[in-house]
Protein chains: 2
Amino acid sequence: MSSDSSYGDPATRSRILDAAWELVTEQGGRFKLSEVAARASVSRQAVYLHFGDRAGLLVALVQHMDDTLDLGESLARVHAAPDGASLLEAAMRLNTTFWAKVFPVAQVLEAAQHEDEALGAAWRDRMRFRHATFRAMIEALAERGELDEDWSIDDAAATLYAVAHFDTWRELVIELDWSDDLYIASMSRLLRRALLRR
Amino acid sequence: MSSDSSYGDPATRSRILDAAWELVTEQGGRFKLSEVAARASVSRQAVYLHFGDRAGLLVALVQHMDDTLDLGESLARVHAAPDGASLLEAAMRLNTTFWAKVFPVAQVLEAAQHEDEALGAAWRDRMRFRHATFRAMIEALAERGELDEDWSIDDAAATLYAVAHFDTWRELVIELDWSDDLYIASMSRLLRRALLRR
DNA sequence: ACGATGGTTTACACTGTGTCAACTGCAACC
DNA sequence: GGTTGCAGTTGACACAGTGTAAACCATCGT
């Protein structure tokens, strides 16, 4: 059972987490806990002491994902955009750098979320946070009168969130080998035309 | 290794496949081959004889996915739409019924595609087919002069494909609990405004 | 000197995958 | 009618990876 959330030396915990991150990046979901331990120069049991079990480690990885990326600052810059079109473009630029950084891990976590209760909850929680930030953007647009009246705030926010989600990015940038610029250009064109008042 | 593609009685093979489909629907990726065998009233070894290994079974499931859904007819109806807006709406209607049917299985397959070479190839192949059908729609729009000149055919097709992909649908309909109608309305509004000439 | 804390080492039980070999049941076929 | 061959069964086994348990060691604060 995914036990103790805080146990032992934080430094050790962090080394295990980093090792796990690397291994997931390299091998996807097939990584073994013994490998994680070896990579972190720690016994396999230390992993169990810190994270309880495999799922517990993955849950910790979800947190780690956001911690390494200080989104606060970047988001502030997005919100500073002068008009709707450039706000959407800035959002898509942040989006692609975000996914580029976390994508190997995000892929595994999203896949594994249905195998474990706690992991699913942690992942959904992060996604709710994302949804909220996109909603804030839509609200800003609406307040400035830039959101087209065809859209309700709820629907626009959800649509933006869903379209900016992981898989869409992965299909375009990874599978179809799009450049960041092409992704940013196409997605912001899509969103600008769809959401903004003409 | 994922051996013989054709061995033994097709009826037995089909029963195993159906059993696997059911179990994936119920339990996601956690299903055991022994359960599949039991459900199909067949020995566990029969599963190995027919599909080689776990991955081989999943690959067969990918095919099974499209076989059970005769898309040809539905696609013809979509293409019969009189104008761009109704074509996009019909496409999104087909899209939501399609994903609704296959989503538990698609979820597992998409997640597992990175664990196995052959499975990944099979899945990518199906997705390439999807991409091609969406591209055909964009080409039809372009020929009728309904595609806005802001878009190249390639970019429009890829964007449409990516936006209509599995995850976007899942986030909206499953996670946010949208109705089919709301999905269809929002997505076709998004696409109509973004892609069609004003 | 002492006990608590953080970690190691060794050992083991359990589950699910994949493989093997020997056997059965049932056709079709000369 | 016996032979051949295919489809599937049965039972046994090796192997990997997860998770648990107990005994042990090192170090630090008091």
For this session: Being farther than 28 Å from residue A:129 by Cβ and either assigned to a helix (DSSP H, G or I) or within 11 Å of DNA strand D (Cβ to nearest atom) (or both) narrows it down to one of A:22, A:35, A:26, so name that one.
Result: A:35
Exercise. Quick one: would you say residue B:115 is in contact with a Lys or Arg (Cβ under 9 Å, 6 or more places away or on another chain), more than 8 Å from chain A (Cβ to nearest Cβ) and not in a helix (DSSP H, G or I)?
Worked result: no
For this session: Answer yes or no as to whether residue B:77 is in contact (Cβ under 8 Å) with a residue 24 or more places away in the chain, away from DNA strand C (no atom under 16 Å from the Cβ), assigned to a helix (DSSP H, G or I) and more than 14 Å from chain A (Cβ to nearest Cβ).
Result: no
Seminar exercise, completed: In the stretch A:129-149, residues that are within 10 Å of chain B (Cβ to nearest Cβ) and in contact (Cβ under 8 Å) with a residue 40 or more places away in the chain total 1
For this session: With respect to residue A:158, determine if the residue is at the interface with another protein chain (Cβ under 8 Å from one of its Cβ atoms), in contact with a Leu (Cβ under 7 Å, 6 or more places away or on another chain), surrounded by fewer than 22 Cβ atoms within 10 Å (Cβ to Cβ) and within 18 Å of residue B:170 (Cα to Cα).
Result: no
Problem set entry | Residues (under 12 Å from residue A:100 (Cβ atoms) and either over 17 Å from the mean Cα position of the chain (by Cα) or more than 7 Å from chain B (Cβ to nearest Cβ) (or both)) located in the stretch A:163-176 | A:169, A:170, A:173, A:174
Seminar exercise, completed: By residue number, the members of the stretch B:57-71 that are over 11 Å from the mean Cα position of the chain (by Cα) and within 22 Å of residue B:34 (Cα to Cα) are B:57, B:58, B:59, B:60, B:61
Problem set entry | Residues satisfying the stated conditions in the stretch A:34-46, i.e. within 8 Å of DNA strand C (Cβ to nearest atom) and surrounded by 19 or more Cβ atoms within 10 Å (Cβ to Cβ) | A:37, A:46
Problem set entry | In the stretch A:16-26, the residues that are within 19 Å of the chain's Cα centre (by Cα) and either more than 14 Å from DNA strand C (Cβ to nearest atom) or aliphatic (A, V, I, L, M) (or both) | A:17, A:20, A:21, A:22, A:23, A:24, A:25, A:26
Exercise. From the list B:179, B:152, which residue is more than 16 Å from residue A:160 (Cβ to Cβ), of a type in the set (Gly, Ala, Ser) and within 10 Å of chain A (Cβ to nearest Cβ)?
Worked result: B:152
Problem set entry | Failed item in (1) among the hydroxyl-bearing types (Ser, Thr, Tyr); (2) in contact with a Phe, Trp or Tyr (Cβ under 9 Å, 6 or more places away or on another chain); (3) more than 19 Å from residue B:79 (Cβ to Cβ), with residue B:152 passing the rest | (2)
Exercise. What number of residues in the stretch A:182-194 are in contact with a helix residue (DSSP H, G or I) (Cβ under 6 Å, 6 or more places away or on another chain) and facing chain B (nearest Cβ under 8 Å)?
Worked result: 6
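Every read-out reported here was derived from the displayed coordinates using simple, explicitly stated rules and does not represent laboratory data. Remember, it's a predicted structure, so these values are computed and weren't measured experimentally. Please note: Cβ atoms are built from the backbone with ideal geometry, for glycine as well, and neighbour counts cover all protein chains shown.
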